[in-house]
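Here's the structure, in structure tokens; my notes come after.
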Amino acid sequence: MARFVMNVMMASGGYPWTIVRATRRKEYLDALEAASAEQNILPFARFIREEMSVDWSQERARKQPHPCRWQKPHPGRKCWVPETVP
């Protein structure tokens with residue numbers, strides 16, 4: 001809930017919606033712990049700044065293409081799926 005409120009506040013100021021990637025979950029939790037237990041908000045502020053600067057168009061491009069873009073047809077489907085995942 002707190003991250004949602006943070007995003008609403010940031011979005012109302014014209015900043016992009018911040019998404020914490022699952023691959024950086026430990027770093028996120030460590031930064032939250034430092035802010036909470038040690039009252040040091042710098043690691044959290046740096047973490048959020050880094051996540052806000054992610055170019056999500058490039059992040060999506062790293063993921064596998066939609067199955068319809070692969071070359072071998074799959075029986076019973078209108079879409080094409082791979083025989084093996086590259």
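None of the figures in this text is laboratory data; all of them are computed from the coordinates on show. As the structure is a prediction and not an experimental result, all values here were calculated from the model.
With 0.36 nm allotted per residue and the present C-alpha distance subtracted, the E27-L42 stretch has 4.1 nm of extension available. A straight chain from M10 to W56 at 0.36 nm per residue would run longer than the Cα-Cα distance by 14.8 nm.
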